[in-house]
Amino acid sequence: MNLDPNRLWIDGCFDFTHHGHCGAILQARRIIPAGTEPSALICGVHNDRDILLNKGGQPVMQEQERYEHTRSNRWCSEVIEDAPYVTQPAVLDAHHCKYVVHGDDISTDANGEDCYQVMKDTGRFLVVKRTEGVSTTELIHRILTGSEICGCSKEAVEAIIKDEKLSLYATGPDGHARWCYVFHQNLDQPIVSGGYAFNPARAVYIEGDFDLFHVGHIEQLRALRETSDAGAGARACQEGSKLVVGITSKNPCYMTLTERVLSVLSCRYVDAVVIDPKTAELPLNRHELDDTALRTGRFAYLDRNVIVDRIQAARDHYMQRNARKGVPLEQ
Ligand code: CTP
């Protein structure tokens, strides 16, 4: 059997596909040394039924949304839909992957058994560091308790600028090469330099809060980015154009500025990010988030309110789910 140590497998529910999941995917990708070809990171994503059965709670984001969101991750080479909840050697063998990668927490199935026991026993299990402070449970808790953050403070901006994750999440598909630019307020001085010569004349700009970053956002970014698509996106983004995303804090947000920036940076359609933009100082061809011309895809129905409504509509279910995870509402 031809197993390639430079073809890695990572699997999960990826509910919300938040920046903690992206961090695990990025760390997995970075296990493969720079310049290794061929190489790949295969992302197995569980279906809704298996999650309900094994995790005892229904995911907030539906399987098609989770598949597509994971597919848009810059470090993911391929998504395998309906990946089995308990990881088996045969699944990795079928994709020629030698190792599975997982965060340093234990995942159990419906019987309380470690989902990776067989992989551990056969020496095919690699560990990466779980990202603290973010989880699906935590995001549900914030929504159930109405914990929104208004505006973006000087401290929040300073924290993200100093965060070493910023340059890591700005890397290219191999998780090593420089790729995205990161700017603060205007285009004067990049905080992170990207892997190409930045030319404002060939950039397309879209601005928004990107709270609970989801496939509704991603579809709009893709529409602007992909030159082959018909419609507003194709007209805006000519061959060789770069997509610059401004991350504002105009409305109260469930995610911190850092979380929103890292989520947007993980998206394969993004070439540069402007944190807390001074829009008037940006000499860029500007598009509006939620422009109807860009909201025409499979996930056009999805926005932040739809996600909040899902959780509110099944409030008891999510309260019980979080309580089982040790995060009761009255915490
Ligand atoms: N992960 C991580 N950091 C987090 C959350 C998840 O590194 N804050 C990793 C997990 O360790 C796993 C992968 O992301 O390797 C997919 O996790 P998933 O199956 O979605 O489940 P959870 O770990 O339960 O994620 P969450 O608590 O957010 O639901």
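Below is a table of values for the structure above.
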{"read-out": "The range 150-300: antiparallel DSSP beta bridges as a percent of all, rounded to 5", "value": "10"}
{"read-out": "Residue (of G326, C97, A201) at the positive-pole extreme of the chain, dipole from beta-carbon charges", "value": "A201"}
{"read-out": "Flagged links, alpha-carbon separation over 32 Å, of K55/K162; K98/K242; K55/K120; K278/K325", "value": "K55/K162; K98/K242; K278/K325"}
{"read-out": "Where the range 150-300 is the region considered: accessible area per residue in Å², 1.4 Å probe", "value": "42"}
{"read-out": "Potential extension, L53-D82 segment - 0.36 nm per residue separation minus Cα distance", "value": "9.1 nm"}
{"read-out": "Fully extended contour minus Cα-Cα distance, from K278 to Q62, at 0.36 nm per residue", "value": "74.2 nm"}
{"read-out": "Semi-axes of the equivalent ellipsoid for the range 150-300, Cα gyration tensor, largest first, Å", "value": "22, 18, 15"}
{"read-out": "Solvent-accessible heavy-atom area per residue, rounded to whole Å², over the range 1-123 at 1.4 Å", "value": "40"}
{"read-out": "Y196-D316 FRET efficiency (beta carbon distance; Förster radius 41 Å; 0.05 resolution)", "value": "0.25"}
{"read-out": "Accessible-area value, D82, 1.4 Å probe, nucleic acids and ligands omitted, Å²", "value": "90"}
{"read-out": "Part-to-part distance (alpha-carbon centres) for the range 269-292 and the range 179-198, which is given in Å", "value": "13"}
{"read-out": "Shape call, the range 1-121: gyration tensor on alpha carbons, a/c limit 1.5", "value": "oblate"}
{"read-out": "Distance (nanometres) between label positions extended 7 Å along Cα→Cβ at K120 and A90", "value": "2.3"}
{"read-out": "Within a Gaussian network of the chain (alpha carbon springs, distance under 10 Å), most fluctuating of D121, D48, D290", "value": "D121"}
{"read-out": "Antiparallel bridges, percent of DSSP beta bridges restricted to the chain (to nearest 5)", "value": "10"}
{"read-out": "Point-to-point label distance, A293-S153, nm (Cα→Cβ direction, 7 Å offset)", "value": "4.0"}
{"read-out": "Leading residue at positive end of dipole, the chain (Cβ point charges), from M255, G240, A223", "value": "G240"}
{"read-out": "Cα point-scatterer Debye curve for the chain, base-10 log of I(q)/I(0) at q = 0.08, 0.09, 0.12 Å⁻¹", "value": "-0.37, -0.47, -0.85"}
{"read-out": "Gained length - S167 relative to T108, 0.36 nm times residue gap less alpha-carbon distance", "value": "17.9 nm"}
{"read-out": "GNM top mover of R295, R130, R310 - the chain, alpha-carbon springs below 10 Å", "value": "R310"}
{"read-out": "Of all accessible heavy-atom area on the chain, the percent that carbon and sulfur account for (1.4 Å)", "value": "49"}
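The values are calculated or read from the model by the stated rules, or taken from the named source; none is laboratory data. None of the values given here were measured: they were computed from a predicted structure. Cβ coordinates were reconstructed from backbone atoms using ideal geometry, including for glycine residues, and neighbour counts include every protein chain displayed. Heavy atoms of the whole protein, side chains included, go into the accessibility calculation; ligands, DNA and RNA do not. Shrake-Rupley method; radii C 1.70, N 1.55, O 1.52, S 1.80 Å.
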